[in-house]
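Worksheet: the structure to be examined is printed underneath.
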Amino acid sequence: MDDTPCVLVCVTGQKTCERLIQEGRKQADELGAPLSVVHVAQPGAGFLGNPAEGQAIEYLYKISTEHNADMALIHSSDVVATIAQHARRVNAIMLVLGVPGRGDWAIAHELRAHLPDAELHVVYTSGER
């Protein structure tokens with residue numbers, strides 16, 4: 001495990017998460033930190049049975065590589081705890097995540113409770129703020 005602080009981008013199985021990776025790269029460059037990307041898939045809901053999600057994950061892996069980031073794919077039924085555990089493992093000082101403009105902030109609030117010392121950088125993915 002590397003102790004170098006990094007920026008961690010949390011993505012879903014959608015190609016539009018490319019925006020999150022781009023924003024993560026910008027934040028990592030500003031902080032002089034490496035970039036890491038994580039996707040947590042629910043067991044049994046794997047992307048192998050969903051060709052569109054599988055293609056999106058492959059696409060996001062390609063985008064991550066282009067932005068000089070590693071990407072982890074983790075299967076877990078507890079998305080928030082898994083992201084928090086991975087964030088601690090990679091020494092994340094900032095998490096970049098998408099939240100719908102008028103959508104559910106629950107994951108952001110839960111991550112804040114698990115990672116009080118990490119900065120959360122929220123990218124609005126749709127609608128107005």
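The values are calculated or read from the model by the stated rules, or taken from the named source; none is laboratory data. Bear in mind that the values here come from a model prediction, so they are computed numbers and not experimental data. Using ideal geometry, Cβ is built from the backbone for each residue, glycine included, and neighbour counts are taken over all protein chains shown. Keep in mind that these areas ignore ligands, DNA and RNA; they rest on the heavy atoms of the full protein, side chains included. Shrake-Rupley method; radii C 1.70, N 1.55, O 1.52, S 1.80 Å.
Amide H contacts of S76: A41, Q42, each under 5 Å away and 5 or more positions distant or on a separate chain (H built 1.01 Å from N in the peptide plane; Pro and chain starts excluded). Among L60, L31, L20, the residue with the largest mean-square fluctuation in a Gaussian network model of the chain, with springs joining Cα atoms closer than 10 Å, is L31. Based on the alpha-carbon gyration tensor of the range 2-42 and its eigenvalue square roots a ≥ b ≥ c, which shape applies: rounded if a/c is under 1.5, prolate if not and a/b is larger than b/c, or oblate? Verdict is oblate for the range 2-42.
Considering helices alone, the calculated mean residue ellipticity of the chain at 222 nm is -12000 deg cm²/dmol, with DSSP H runs of length four and up weighted by -39500 (n - 2.57) and normalised per residue.
Remark: spin-label model distance D70-Q55 equals 3.0 nm, labels positioned 7 Å along the Cα→Cβ axis.
Extension gain for S77-D29 works out to 14.1 nm (0.36 nm per residue, less the C-alpha to C-alpha distance). Over the range 4-76, accessible surface divided per residue gives 51 Å², non-protein components excluded, 1.4 Å probe. Within the full protein context, the accessible area of V122 is estimated at about 40 Å² for a probe radius of 1.4 Å. Entry note, the chain: relative contact order of 30 percent, from Cα contacts under 8 Å with a spacing of 6+ residues. Exposure check, 1.4 Å probe, all protein chains in place: T65 carries approximately 80 Å² of accessible surface.
Indicate, rounded to the nearest 5 percent, the antiparallel portion of the DSSP beta bridges found entirely in the chain. Don't skip to the end; give the middle numbers.
Working: 0 of 22 bridges.
Expressed as a percentage, antiparallel bridges in the chain total about 0.
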